[in-house]
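I have placed the structure first, in the form of structure tokens, so that the comments after it can refer back to it.
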Amino acid sequence: MTIQKILARRIWDSRGRPTVEVEVLNADGTSGIGIAPAGASRGSREAVELRDGGQRFMGLDVQQAVSGIVREIAPALVGRDAADQAGIDAMLIALDGTSDKSRLGGNALIATSLGVLHAAAAQARQPLWRYLADGRPVKLPLPQVQIFGGGAHAGRRVDVQNFMVIATGATSFGQAMEMTAEVYRAAGELMASRGALAGVADEGGWWPSFSRNEEALDTLVAAIERAGYTPGSEVAIALDIASSEFGRGGRYRLALENTELDSDGLCERLVRWVERYPIVSIEDPLAEDDEAGLVAFTRAVGHRVQVVGDDYLVTSADRVRAAAAAGACNCVLIKPNQAGTVTETRAALEAAHTLGYRTIVSARSGETEDVAIVHLATGWNAGQLKVGSFARSERMAKWNEGIRLETRPGAPAGFWGRSALHASMSSRA
Ligand code: PGA
Ligand code: ZN
């Protein structure tokens with residue numbers, strides 16, 4: 001069956017900014033829609049978004065990306081079979097012709113690649129997750145849910161970008177959502193009782209009205225207890241430090257404390273947090289250019305917490321292999337638009353699993369109603385899923401999709417639960 005028509009349009013993301021949507025229409029009447037998300041704290045080696053520049057919409061319009069799809073990508077795609085994801089993605093990469101996807105734009109490419117994937121699943125008359133699982137038994141992912149925003153998502157009000165929880169005591173995806181709902185609400189009540197409730201950050205987490213990074217951690221522990229859970233064994237903490245945002249060349253500037261730390265200093269600070277708080281996962285503890293720091297941190301705490309590479313690994317199979325050789329991180333954040341195509345995203349995930357790294361499929365801070373990543377996390381058996389907080393419909397659409405997948409007839413084989421934090425992932429490759 002062949003692709004008959006490609007429609008490309010500008011739509012709007014959760015920050016009210018332009019983004020690219022691609023609709024792939026098959027000759028049999030089925031179709032699929034792919035949408036590009038957008039990050040605020042991007043790794044320097046990510047696929048480059050094509051933005052128009054100029055005055056309009058802060059220079060963020062995507063008319064060039066849309067017209068590139070209409071003029072170059074659509075003619076090359078019509079007549080091909082949507083089921084040939086690898087062939088189509090290779091064609092997109094060749095058509096773009098640059099190493100960073102900057103000519104046609106990583107946003108144009110990932111929207112097209114995801115649209116083709118959705119169209120292929122529709123053509124196969126299967127839900128996307130099952131199409132991707134392709135007969136292998138897979139389980140629903142363990143969620144990482146933001147409670148407080150921070151960093152680039154909250155006007156740099158605090159240095160740390162993401163204060164999250166993981167319902168380690170949950171035995172189903174639905175129960176993880178129930179536990180998270182209570183903690184999210186309890187955190188809001190605590191903020192309100194201090195007169196510190198000031199709305200939400202970009203991903204729906206409470207606005208971080210704190211005077212120290214540790215105050216956010218203390219409040220998070222208090223919220224877990226207030227919700228009736230035991231910190232650690234029932235609900236644990238996950239952090240995304242996103243330290244490339246405030247560190248370069250081994251120097252880290254903590255704005256909230258008006259101090260500067262070197263790589264060892266930040267490393268020691270984070271190790272102290274791991275000892276003092278029920279933390280099970282830390283993302284980007286050191287900056288993307290500080291591989292020695294990442295190796296040292298992984299050596300210090302990698303046996304007991306998950307050390308996640310986001311900006312450092314940028315969903316690249318080559319970078320995951322290099323990190324494994326160096327001994328940096330033990331978990332890979334998987335963001336499809338960092339890679340730019342579905343095939344490259346999958347290659348990064350498979351490289352991670354082969355090398356014994358855990359994986360978390362992740363949304364971006366700029367999102368839409370698109371729920372594809374829930375299906376990718378499930379169908380690829382990633383183990384974990386991170387989509388932001390427990391508010392705002394671009395986030396809730398994804399959590400709710402997980403509940404649908406869990407409760408429909410023919411559901412996935414189970415729920416990863418806390419074992420996703422410990423399992424040797426090589427067994428699932
Ligand atoms: P982003 O970061 O703003 O680059 O999407 C999101 C994250 O890593 O949590
Ligand atoms: Zn991150």
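The values are calculated or read from the model by the stated rules, or taken from the named source; none is laboratory data. Computed from a predicted structure; not experimentally measured. Cβ: placed from backbone, ideal geometry, glycine included. Neighbour counts: every protein chain shown. When the accessible area is computed, the model is the full protein with side chains, heavy atoms only, and any ligands, DNA or RNA have been set aside. Shrake-Rupley method; radii C 1.70, N 1.55, O 1.52, S 1.80 Å.
A few points about this structure:
- Highest GNM mean-square fluctuation among 193, 233, 31, for the chain modelled with Cα contacts below 10 Å: 193.
- Cβ-based net charge around residue 389, under 9 Å, with every Lys or Arg adding one and every Asp or Glu removing one: +1
- Solvent-accessible heavy-atom area per residue, rounded to whole Å², over the chain at 1.4 Å: 35 Å²
- The chain - mean residue ellipticity at 222 nm from DSSP helices (-39,500 (n - 2.57) per run, n ≥ 4, rounded to 500): -11000 deg cm²/dmol
- Positive contributions from Lys and Arg (+1) and negative ones from Asp and Glu (-1), summed over other residues with Cβ under 15 Å from the Cβ of residue 399, come out at -3.
- The rule of thumb for compact globular proteins, 2.2 N^0.38 Å, goes into the C-alpha radius of gyration of the chain 0.94 times.
- Taking Cα atoms only, the orientation of helix 85-96 departs from the longest principal axis of the chain by about 90 degrees.
- Between helix 213-226 and the chain: long-axis angle, C-alpha atoms, 0 to 90°, nearest 10: 90 degrees
- Centroid-to-centroid separation of region 23-38 and region 285-310 [C-alpha atoms, Å]: 38 Å
- Pair residue 259, residue 404: separation of 7 Å Cα→Cβ label points (nm): 4.8 nm
- Region 3-125, accessible surface, carbon-and-sulfur percent (1.4 angstrom probe): 51 percent
- Surface composition of region 139-428: carbon plus sulfur atoms contribute 48% of the solvent-accessible area (1.4 Å probe, protein chains only, all chains present).
- When every Cα-Cα distance of region 3-125 is counted in 10 angstrom steps from zero, the calculated P(r) takes the values 15, 47, 30, 8, 0 percent.
- The protection proxy used here, the mean number of other Cβ atoms lying within 10 Å of each residue, ranks peptides 246-259, 339-352 as follows, highest first: 339-352, 246-259.
- Pairwise centroid distance, computed over Cα atoms, of region 39-72 with region 7-22, Å: 11 Å
- Within the shell of other residues whose beta carbon sits under 13 angstrom from the beta carbon of residue 127, the net charge comes to +1, with Lys and Arg scored +1 and Asp and Glu -1.
- Cβ crowding within 10 Å averaged over residues, with 45-52, 146-153 ranked highest first: 146-153, 45-52
- Angle in degrees between helix 106-123 and the longest Cα principal axis of the chain, rounded to the nearest 10: 70 degrees
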